[in-house]
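I have placed the structure first, in the form of structure tokens, so that the comments after it can refer back to it.
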Amino acid sequence: RLGDISPACFIPLAEETGLIGQLGLWALKEACHQLSCWRRQGLHVPSISVNLSPTNFHSLALPATIAQILHDESLDASDLTLEITENVLLDADPTTLHTLRRVHALGVRLSMDDFGTGYSSLSYLRQLPISELKLDRSFVHDIAHDSVTNTLTQAIAHIGHSLHLKVVAEGVENEEQLRLLGAQ
């Protein structure tokens, strides 16, 4: 009835109604299924990344669910990266860190999405079993025109590389952004 609806509209509603966990699991299943289909068609797609809500990590069953989905789709754990937001850092649920560590132990990579836009605490980078920092598009958008943004992206890249983390920039739209980020 409403046509296409932006995630910016339906994600907050899903969080408010308590459906975000189910939505995350659905997205995970669909993404893994799609990767499996592409590979059966002979397409080389190295891996997929899926955003999950902090709520998904409240479930101690999440690692077993992920393992089952990967098994059902004939995928390896290294085929999957789960993107988590800095909200996970603010999550007071005691099972969250335990679940994150168990997911990581499966061999699934964890990426800190939108790094630098929230309440980043660098001490959490020591505690969380993440393998990737994902630089928010707001930094990328302004990198060529704002010296402060350029300096911040350099600092984030340096922190990530020093901690042996992969650093990914989202929203690269032109050659200048690519050149500047590549140099960093």
> Are there any pairs, at least 6 apart or on different chains, whose C-beta atoms fall under 6 Å, with the first in the stretch 155-184 and without any contact (Cβ under 8 Å) to a residue 24 or more places away in the chain and the second open to solvent by less than 70 Å² (accessible area, probe 1.4 Å), and if so, which?
Replying inline: Leu178/Val172
>> Suppose we keep only residues that are open to solvent by less than 40 Å² (accessible area, probe 1.4 Å), within 14 Å of Ile130 (Cβ to Cβ) and of a type outside the set (Val, Ile, Thr) within the stretch 155-174. Which one would you say is nearest to the chain's Cα centre (by Cα)?
In response: Leu165
> Can you tell me which residues in the stretch 49-73 are in contact with a Ser or Thr (Cβ under 9 Å, 6 or more places away or on another chain), β-branched (Val, Ile, Thr) and either open to solvent by 20 Å² or more (accessible area, probe 1.4 Å) or at pLDDT below 95 (or both)?
Replying inline: Thr65
>> Which of the numbered conditions does Gln34 fail, given that it passes all the others? Conditions: (1) over 30 Å from Asp93 (Cα atoms); (2) touching a residue at least 24 places away in the same chain (Cβ under 8 Å); (3) in contact with a strand residue (DSSP E or B) (Cβ under 8 Å, 6 or more places away or on another chain).
In response: (2)
> Give me the pairs: first residue in the stretch 3-31 and farther than 17 Å from Leu62 by Cα and without any contact (Cβ under 8 Å) to a residue 24 or more places away in the chain, second residue open to solvent by 90 Å² or more (accessible area, probe 1.4 Å) and in a helix (DSSP H, G or I), beta-carbon distance under 9 Å, and six or more apart or on different chains, which are they?
Replying inline: Ala14/Gln22
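The values are calculated or read from the model by the stated rules, or taken from the named source; none is laboratory data. Since the structure is predicted, the reported quantities are computational estimates derived from the model, not experimental observations. Glycine also receives a Cβ, built like all others from the backbone with ideal geometry; neighbour counts cover every protein chain displayed. When the accessible area is computed, the model is the full protein with side chains, heavy atoms only, and any ligands, DNA or RNA have been set aside. Shrake-Rupley method; radii C 1.70, N 1.55, O 1.52, S 1.80 Å.
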